[in-house]
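Structure first, commentary second.
Values quoted throughout were computed directly from the atomic coordinates according to the rules given, and no laboratory measurement underlies them. Not measured: the values here are computed from a predicted model. Please note: Cβ atoms are built from the backbone with ideal geometry, for glycine as well, and neighbour counts cover all protein chains shown.
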Amino acid sequence: MNDDILNDVRTLIITRMGKYKGEIVRGTMLEKDLGMTGDDAYEFLLEFSEKFNVKVSEFEFMKYFFPEGDSLFPSIVRFFTGKRNPKQGELTVGDLEKAVIAGRLDEEVIKK
């Protein structure tokens, strides 16, 4: 991969989200580790797209991020109804790095 791109992505994350308690590495998950959800994640991805000229129109946002406030109550409802969690994956810093290299963020890039 490309350490310069990784460092630029880290800088954007820290600028947007503030300091993170640990080291931001390729495996750092945006939602689970950094706490990005809902509107914050959406706005971050738009800023990411503009800064790095990455096309995000094919990115399936709801597969990777819960809406803001979707934590306790929806989790209880899913537990009692037996419905699975609608989120299907975790977007990582490494995925963002791959997106910068590819010029787009979509399933094909993420799964590489």
Response to the item:
Total charge of the residues flanking residue 23 in space, meaning their Cβ is under 14 Å from its Cβ, with Lys and Arg +1 and Asp and Glu -1, is +2
Item to complete: In whole Hz, with x marking every Gly and Pro, tabulate ³J(HN,Hα) for segment 98-110 from phi via Karplus 6.51 cos²θ - 1.76 cosθ + 1.60, θ = phi - 60°.
Response: 4, 5, 4, 5, 7, x, 7, 10, 8, 4, 4, 5, 4
Practice prompt. Could you list which residues have their amide H under 5 Å from that of residue 104, counting only those 5 or more apart in sequence or on another chain, with H placed in the peptide plane?
Written response: 55
Discussion item. Quick query: amide H of residue 36 versus all other amide H atoms, modeled in the peptide plane; which residues come in under 5 Å with a sequence gap of 5 or more or a different chain?
Written reply: 31
Worksheet entry | Förster radius 22 Å - calculated FRET efficiency between residue 7 and residue 107, Cβ distance, rounded to 0.05 | 0.30
